[in-house]
1. What is the residue count in the stretch B:638-672 for residues that are away from the ligand (no atom under 11 Å from the Cβ), open to solvent by 10 Å² or more (accessible area, probe 1.4 Å), in contact (Cβ under 8 Å) with a residue 24 or more places away in the chain and within 48 Å of the chain's Cα centre (by Cα)?
2. Quick one: which of B:Ser326, B:Ser305, B:Ser292 is among the small types (Gly, Ala, Ser) and touching a strand residue (DSSP E or B) at 6+ places or on another chain (Cβ under 6 Å)?
3. Out of the stretch B:482-497, which residues are away from the ligand (no atom under 13 Å from the Cβ) and surrounded by fewer than 24 Cβ atoms within 10 Å (Cβ to Cβ)?
4. Considering only residues of the stretch B:617-637 that are within 16 Å of the ligand (Cβ to nearest atom) and in contact with a strand residue (DSSP E or B) (Cβ under 6 Å, 6 or more places away or on another chain), which is most open to solvent (accessible area, probe 1.4 Å)?
5. Looking at A:Glu31, A:Glu106, which is the one that is more than 30 Å from A:Val218 (Cα to Cα) and modelled with pLDDT of 55 or more?
6. Only one of (1) more than 21 Å from B:Pro318 (Cβ to Cβ); (2) over 18 Å from the mean Cα position of the chain (by Cα); (3) modelled with pLDDT of 85 or more; (4) hydrophobic (A, V, I, L, M, F, W, C) is not met by A:Ile129, so which one is it?
7. Report every pair of residues separated by at least 6 positions or lying on different chains whose Cβ atoms are under 7 Å apart, first residue within the stretch B:75-100 and more than 18 Å from B:Ile119 (Cα to Cα), second modelled with pLDDT under 75 and surrounded by fewer than 18 Cβ atoms within 10 Å (Cβ to Cβ).
8. Among the listed residues B:Arg384, B:Arg298, B:Arg376, identify the single one that is modelled with pLDDT under 90 and of a type in the set (D, E, K, R).
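The values are calculated or read from the model by the stated rules, or taken from the named source; none is laboratory data. Note that the coordinates shown come from a computational prediction; the quantities given were computed from them, not determined experimentally. Reconstructed Cβ throughout: ideal geometry from the backbone, glycine too, with neighbour counts over all protein chains shown. When the accessible area is computed, the model is the full protein with side chains, heavy atoms only, and any ligands, DNA or RNA have been set aside. Shrake-Rupley method; radii C 1.70, N 1.55, O 1.52, S 1.80 Å.
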Amino acid sequence: MLSDATILDISSWDGTISPSEFIAAAHAFAEKWKLRCRGLPIWSWICCRKTPFISSHEVDGYLSLEKLCILRSDKMEDHGIDDAGKEGLNCSENEECTDSAVLVHESCLEVHYYDLHVVYSSSYRVPVIYFRGYRSDGQPLVMDDIEKDIPANSAKVLMESKWTFMTEQEHPYLKWPWYTLHPCGTNEFMRLLFLIDVSLLEDRVAAEQYLTSWLSVVGQVAGLKVPLQMVDSTPPLTTS
Amino acid sequence: MAEGCSGSILQFAPFQSSVDEGFWHRLSSLKLNQLGIDESPISITGFYAPCTHPQVSNHLTLLSESLPPEEGEQSFVRDRSHSNRNRCAVPGILYNTNTIEGFHALDKQCLLREEAKKIWADIQSGAAEKDSALLSRFLLISFADLKKWSFHYWFAFPALVLDPPATLADLKPASDFLSLEEAESLSVACNEWRKSSATADVPYFLVTLGSNSRATIKHLSDWEACRHDIHKLLFGFYDPCHLPNNPGWPLRNFLGLIYSRWNLKSIRFLCYRENRGFADMGLSLIGEALISAPQEWRYEQHVPSSVGWELNRGKRLPRCITLSKSMDPIRLAVSAADLNLKLMRWRALPSLNLNILSATKCLLLGAGTLGCQVARMLMAWGVRKITLLDNGRVAMSNPLRQSLYTLDDCLNGGDYKATAAEKSLKRIFPAVEAEGVVMAIPMPGHPVSIEEENIVLEDCRRLHDLIASHDAVFLLTDTRESRWLPTLLCANANKITITAALGFDSFLVMRHGAGPFRPTQDAENALSSDMENMSLCDKNGGQRLGCYFCNDVVAPVDSVANRTLDQQCTVTRPGLAPIASALAVELLVGLLHHPLGIYAEGESASSNGTRSCEQPLGILPHQIRGSISQFSQMTLIGHSSNSCTACCSVVVSEYRKRGMDFVLQAVNEPTYLEDLTGLTELMKSASSFKLDWDDEAEIDGDEFVEI
Ligand SMILES: [Zn+2]
């Protein structure tokens, strides 16, 4: 198992992980997720070919979970189109709307989708979460929308925490702005977390457990709930 | 909506589009870097998958990979050649117009017919049986407004219209239609089909149900082999729709194919749907469609009519998306700049008040080495409102030391520094509210002729108004006497004033104390009560901090005229101005964050451990003097002087009484100020030690601000 190869020593540990630990942890995490969290969208490793001459990425890819659904029953405000005139079906242009085989159906559900990427930061030597939300037609959610989607108790954890700072930054691989939680407090937080939780893991910390613990906090910002099965450190029943 | 609905018209839930932000980013760069004004249609790839959520339909999605790779581009992040189980590739075509008029002028019916023709041709040729995704071919028209970062677009999912429409003989969940064994077997077969990379993205398929309840899935091209099992045959497709009583759009052209190629009038179809990634026979539907379309459908030359333009919230309207937030470089620059400051606040300085910084209006008198550098530092701290005042032009010697200028600014006699600096600041950070004012500062000891008087007076009034309309004033001119009038006006208006002055290898940076009169008093109306209030004390009873002129024994005189050439050509070590400018700005930031503001006492580095540590930004000194030759720096405190020629109560009240007349007299009579303040007397009696803080001067004498 991958996680055997990626063990950290807690005593002299500064809360960071190395690129190879990250890669191994990411794969182990995705694998474990697939086995233990059946039914949830899966994490996949997105491989990005290294760009010659630019060695800014020590890790040639990132972990990705896409289209996490959040259902909202309140229909969103209009995107600037007057809803008053539903009769306004303009049929003059062609016969199209006389086609009786077309179902006219308007959903009263507003769906928000979230994409989460876990990228390794070479400068901070920790994983960084990049995420974004969008409506069903692809229209991006703004910070306000995202904040409204965060359950109150998660919001409290995230907003009051001194080490989560939500901001917008260029995605290191995709090169356009995504939301992110700034990584400069991550190692400090993780070190403290594992010092407190050391009993759980005896005196050694698996990098995969690192990823799980970290993600179960930061993932909340994009509506991700890491199931308890992931935190449980006993081996999964279904081994492959 | 009919339920169970035997005999009713079979109604299809239209395909819904979803365009990933990445698609628009990529289209923009494609348009800018490669397409130019070429409007030829582009082949694109859409992706869809079976519905996987009981309440939410799947969409036809465009991603950045939907567009062809750019020429010479490093191969893109993801391997786009392969679609996968969650991204079944569907061919599409994009018409991107150069103008909004062009967008509206597109003949949409004609374009739709063109695509429908292709679908029909693929059905007739058998191509659609080999590559079934061809049945879901789609069309997108768009106009990319790259100036506003908005995208107008409209999808069409062409569907061949059966006329009269197909009717429904039966429609129910697959689990109701099938026996338990059959359902189980079908689930296994579907999951197998969806698992294998060879078939996972093949959206149409045939299902045969054997007498042993065994379900087998086959490709459409295996039709000949299956047709004998016709009574046990299901025509399956990946259904993006979640609705319990309607199949999704992809079935339409499938029915067309089945009817037209295989001549079936009664078609049993399977709307394949998943839940959480696995076949779900409760969500999947099995139905029977009855077709009674006219004979023409059998003829290859006949192209059935088509429908398919996507509605926008029930209306026939294009959609529009604006991405200025993630594409407008100015907005990106602003948010990046904010990010740095917010990070600093978050990590190190929770009390940092970014609103105060961005709201503070700074007036920089002088746009030379100090002015340029101060302006840059202010922007770095998030100050957004900067006015630069200078009457000089950019000389050839300037750009190396004056960090806002380049050689271009020196050409043809040189641009005005104030104007060039304003331009430069906006180039560095477009969101800055910069303004350049070309104007000379009247100076004492520089007599003016009667004809010039009006100009001087006008300048005085302008300077007065500028100071009144700003929150903080930086004195950064290159002569001592040009600082006199601003010092007086600031003392009068009680404005935050910061001075930076340079010698050859030493510098002085200081903040002026508050003026001699309480700011609550209106200067013109409350003259008599001012006289009672005037004092050297700040409002806490401590002594007022001095101004640039307070510590001088000598009042400002014409330092240019009275100096030897050598002195006039004083140059400074290049590192000096950046150091002094940075300190001047840090001093302002500290002052803005101090609860007492302009009244804050001077603190010195040695008074560490007392109250100084209370401020998160550190101590707030009065004066900082430094020397490069010694690589040293010290903080000093100097209190206001009763005989200061710029800020003492006698001078300020004289100015309040006589206004511009007073200024003119000071300008014209070299000894007037000294006489007025008693300095003349003082000088006679004392040959005091004089620390020589030379003001910055440049080799080209035209640098001096003169009237
Ligand atoms: Zn003074």
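1. Looking only at that region, the number is 3.
2. B:Ser326
3. B:Ala493, B:Asn494, B:Lys495, B:Ile496
4. The extreme case among them is B:Leu636.
5. Being more than 30 Å from A:Val218 (Cα to Cα) and modelled with pLDDT of 55 or more holds for just one of A:Glu31, A:Glu106, which is A:Glu106.
6. Result: A:Ile129 fails condition (2) only.
7. From residues that are more than 18 Å from B:Ile119 (Cα to Cα), the pairs are B:Ser75/A:Arg49.
8. Answer to the check: B:Arg298.
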